[in-house]
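This report concerns only the one structure given below.
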Amino acid sequence: MTPELASEFRSRLSLGVRALGLLAAGGFSLGLALGMSLTPLSLTRYFADNRLAGTLRDRLLAFILSGCCVAVAAGAGYVLANYDRPGVVARLHHAARRLAPLCLVGFLALLFRVEVWKGRDLPFLTLVAIFGFCASASVRTALAAGPFAWETRLARGLRGFRENLALAMPRLYPRLPFAIVVVASAGYIAYFGYYTYCFYYSLRSGYDLGIYDSLLWNMMHGGSFFKTPPWAGPGRSHFGNHAEFFAYVLLPFYALRPNGGTLLVIQSVILGSAAIPLFKLARRHVEPWPACLLALVYLLYPALHGENLFEFHFLPLGPFLLWWAWYFLEARRNGWAALFVVLTLSCREDVSSWVAVLGAYFLFTGRRPKAGLLLAVVGAAYCFVLKFKAMPYVGGGESFTDIYKDLLPSGTKSFGGVIATLLGNPGYTAHTLAEMNKLVFMLQILLPLAFLPFRRPIWIILAIPGFFFTVLSTRYGPLVSINFQYSAHWIAFFFPGVAIGLEWMRKRAGNRVQATRTRRAALAAMVAMALPVSYQFGAIFQQSNSYGGPIKYVFGVDKEGRHRHEAAERLLRHLPSRAKVTGSGFTTPYVSNRPDAYNMTISGTTDAEYILFPSDPSDFIGDEKQTVTRALREEGYGVVAVEPPFALAKKGHAQDLNAKVMAGW
């Protein structure tokens, strides 16, 4: 054999082996998916303990091996049947590369099974990461291979259809991606607005909602500055804990129906509507359809669902305000930008630090360096004055420093001590970061975004709020859980970070074709990771694995929820509308729209005239049962009425029913 023929043979052999290898992988994946679907096995037991009857295991392996063998045999048969035709191996190699995404099918049989992965978050997220990287690689391979002839004909037909559609709807067609975002946003608002209100209606909401219901009610009725008795008790201001001046902006909407349920609807409206400024901001960096896809991923984001389901808080409202400010700054509409910068500053004291980070972004990227410098100075100064001067003055000390307890040097209780440890002892700081729950949390945050914010080095700036306010904390679980409100620190910057990363990829690509392939592969990876993570941890695709904070969420008003609501309504007939009352964790939000409503979980009975508490011991949280027992035995409260699962007691009332109620505990 001549050297030329030997070289050609080696080339054809190499192409053939690679093609058969890709076909074998696709066959394996299809066989696995088919075997999982047709084999009667308990996947939870199989995945967790690798326990399966021998015959069923053999059957599953037979499907997998058959898929491999059939795919390889089909490829080899095609080559043998057309061996004398020129380019046959190259055509097989092209087909195998174009069909590379078939290798992903087997993952689908593994990932979309909620019960299998409950309590096994890290293995699930690891599998999702592998799936995403495989999706990126397979899509890139398929795009590099180029389309089949029939795909080209089909694309030509679709192109003609799109052109005709654009001619028929010249104004609507270019706005179609934005219209999809608006419709999806409205669907999100309706879905979460309804279900969160049902949760409140069923008296399942916790005392955080009562805190803010009380805050706005007292604002509306002329209460003292930031009066919120459920948290601060009598005579103290909520300002010592949080500076949430944005509450004044919400007052007109809250006044339409002043109760906790209204706040939950307002929160759902703002969180769902944030997809619109996100789209408009992303649109300044990428094309309409990638921007649309990013907004849809935001609406499916499990961390967004978690903060929406967990009572009401001002922190999750921050991204909506920040993204509008960001968009108007980039569009150089300075009046609107100034308005939304002020609104962002008003949202919460730690949200004001976002303005400083946004300013640093504009300064370092050179987009608007003068505006960036101004924002950085204003945001940092406002946050410093609030957090380290004004709030400690009102509250008697810096609040929430205990969430960094392991980073506080001995003898200090200020954020300055935390900064000193962070900068002066990075080795010890790294030790506190190395925790399993923080790893799981960061994977839940980053996987649906396919790590795209990391494509541009500016992510180091964008990650500052998320790093400092969540993963830097020590021994405080809510900060590193997507079921609480603190994920907003990552959402605010890393969703725009995706668009920035995609834009950076386009600029650094060698040519337009390469840029298109790389970005499409990245978007495919984002979808491949976002969907299973949303399915497992979110609240839209399924409702069996959703939590609002530490509480498993109940969607809608079931029989028990209706009973709880009706029982509470009957008890409220005995409770004067402005009487001082203290409630348990689940009853406080239902009576917090009054001048003085306390929460016994935080402040005990204080000077309350009435106690609204559970008659069913399963409804108690913390040390509430001990508090109520002490009140009924030692503090002169007598049970007025019992409507299971709740009861109402009044100070100075006859105590005939006390023993009967406590006997049930």
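The values are calculated or read from the model by the stated rules, or taken from the named source; none is laboratory data. What you see is a predicted model, and the numbers here were worked out from it, not measured in a lab. Here Cβ is always computed from backbone atoms with ideal geometry, including for glycine, and neighbour counts include all displayed protein chains.
The condition of being free of Cβ contacts under 8 Å to residues at least 24 places away in the same chain, of a type outside the set (Phe, Trp, Tyr), surrounded by 13 or more Cβ atoms within 10 Å (Cβ to Cβ) and in a helix (DSSP H, G or I) holds for only one of Leu143, Leu127, Leu154, that being Leu127. Of everything in the stretch 385-419 that is part of a loop (DSSP other than H, G, I, E, B) and of a type in the set (D, E, K, R), the residue that is surrounded by the fewest Cβ atoms within 10 Å (Cβ to Cβ) is Lys413. Provide a single number: the residues in the stretch 30-61 that are assigned to a helix (DSSP H, G or I) and more than 18 Å from Pro123 (Cβ to Cβ). Total satisfying the criteria: 15. The stretch 575-665 holds strands (runs of 3 or more DSSP E) entirely within its bounds, and those carrying 2 or more residues that are aliphatic (A, V, I, L, M) and closer than 30 Å to Cys198 by Cβ map to 610-614, 637-643, 646-651.
I need the full set of residues from the stretch 182-224 which are of a type in the set (S, T, N, Q), over 22 Å from the mean Cα position of the chain (by Cα) and not in a helix (DSSP H, G or I), in order please.
Answer for the stretch 182-224, where residues must be of a type in the set (S, T, N, Q), over 22 Å from the mean Cα position of the chain (by Cα) and not in a helix (DSSP H, G or I): Ser202, Ser224.
Filtering the stretch 576-600 to residues that are in contact (Cβ under 8 Å) with a residue 60 or more places away in the chain, β-branched (Val, Ile, Thr) and either more than 17 Å from Leu209 (Cβ to Cβ) or in contact with a Phe, Trp or Tyr (Cβ under 6 Å, 6 or more places away or on another chain) (or both) leaves only Thr588. Pairs are defined by a Cβ separation below 6 Å, a sequence spacing of at least 6 or placement on different chains, a first member in the stretch 96-117 that is within 13 Å of Ile130 (Cβ to Cβ), and a second member that is among the small types (Gly, Ala, Ser); the pairs so defined are Cys103/Ala25; Cys103/Gly26; Cys103/Ser29; Cys103/Ser138; Leu104/Ala135; Gly106/Ser29; Gly106/Ala33.
Here Ala166 passes the criteria (1) part of a helix (DSSP H, G or I); (2) touching a residue at least 12 places away in the same chain (Cβ under 8 Å); (3) surrounded by fewer than 19 Cβ atoms within 10 Å (Cβ to Cβ); (4) over 23 Å from the mean Cα position of the chain (by Cα) except the one numbered (2).
For every residue, the table says whether it meets (1) in the same structural domain as Tyr212 (by TED's automatic domain parsing); (2) on the phi < 0 side of the Ramachandran plot; (3) more than 18 Å from the chain's Cα centre (by Cα); (4) touching a residue at least 12 places away in the same chain (Cβ under 8 Å).
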site: His238; (1), (2), (3), (4): yes, yes, yes, yes
site: Asn241; (1), (2), (3), (4): yes, yes, yes, yes
site: Tyr248; (1), (2), (3), (4): yes, yes, yes, yes
site: Pro252; (1), (2), (3), (4): yes, yes, yes, no
site: Arg257; (1), (2), (3), (4): yes, yes, yes, no
site: Gly261; (1), (2), (3), (4): yes, yes, yes, yes
site: Leu264; (1), (2), (3), (4): yes, yes, no, yes
site: Val269; (1), (2), (3), (4): yes, yes, no, yes
site: Leu278; (1), (2), (3), (4): no, yes, no, yes
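Here is a yes/no grid of residues against (1) touching a Ser or Thr at 6+ places or on another chain (Cβ under 9 Å); (2) surrounded by fewer than 22 Cβ atoms within 10 Å (Cβ to Cβ):
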site	(1), (2)
Ile276	yes, yes
Arg283	no, yes
Pro288	no, yes
Tyr298	no, no
Ala303	yes, no
Phe312	yes, no
Ala325	yes, no
Arg332	no, yes
